[in-house]
Amino acid sequence: MTATITLVRGDITRQSADAIVNAANSSLLGGGGVDGAIHRRGGPAILEDCRRLRASHHGKGLPTGRAVATTAGDLDARWVIHTVGPVHGAPGGDPELLASCYRESLRVADELGARTVAFPAISTGVYRWPMDDAARIAVETVRSTPTAVEEVRFVLLDDRAYEAFARQLG
Ligand code: ADP
C-alpha cells in the first residue's frame, strides 16, 4: 500500500494527525522555522525527549536523511518525527538525502503505527532547496514508498509552497 496524499495550506503546529514531522537540524535541540514553531507550541516535553535521544543514541547529532520520534507534547498529535533535511548546494546536499527524509519518516511512522502523518516542505526554508524540486522529490518519494500510513498530508505555509505541491499532484 502507499499513502493517499492530501494538501493543506497552513501552520503544521495547528494540525491534528497521529504524527507531525519536524524539519529539524542534526543537533535536535531546536532551531528556527518550522522547528521553532513545533517546540514553541508543543512545549518543553519535546525538547526533553530530544535531549534524551541525543544522549542515548545520537550524541553526535542525527545524520541528514534520518528520522527519530519523540512525544508531541501539547500538539494535537501522538508523536513528532524529527528528520534532518540536506542543505541545498552544500556538500552532502544530495537529492537522495531529501528523498530519504520522507522514506525514513514513513518507516518510523510505520514502526509507531501512525496512520496519518503531516509533513512540512522539508529543506525549503533555511536549507534553501528550490520549492518546485523539493515538491517533486516529496511527492515522488511518498508515491513510491510502501507504507501502512493511510494519509500523508503536506502542510504548506504559503501560496507558493501550496501551488508547487499542487502542480506535482496534477
Ligand atoms: P529547513 O531548515 O528544512 O529548510 P525551515 O523550517 O527553515 O526548514 O523551512 C521548511 C519549510 O517549512 C519552509 O517552506 C517554511 O516556509 C515552512 N514552515 C515554517 N514554519 C512552518 C509552519 N509553522 N507550518 C508549516 N510550514 C512551516
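Among strands (runs of 3 or more DSSP E) lying entirely in segment 61-170, which contain 1 or more residues that are modelled with pLDDT of 95 or more and within 12 Å of the ligand (Cβ to nearest atom)?
Values: elements: 67-71, 79-84, 116-119, 151-156.
Fully inside segment 61-170 and qualifying: 79-84, 116-119, 151-156.
So in segment 15-35, with the set limited to residues that are within 8 Å of the ligand (Cβ to nearest atom) and over 13 Å from the mean Cα position of the chain (by Cα), which one is surrounded by the most Cβ atoms within 10 Å (Cβ to Cβ)?
G31
Considering (1) in a loop (DSSP other than H, G, I, E, B); (2) at pLDDT 95 or above; (3) under 25 Å from R128 (Cβ atoms); (4) of a type in the set (A, V, I, L, M), say which one L29 fails and leave the rest.
Every listed condition holds for L29 apart from (2).
The values are calculated or read from the model by the stated rules, or taken from the named source; none is laboratory data. Predicted, not measured: the structure shown is a model, and the values here were computed from it. A quick note on method: Cβ atoms are made from the backbone with ideal geometry, for glycine too, and the neighbour counts reach across all protein chains shown.
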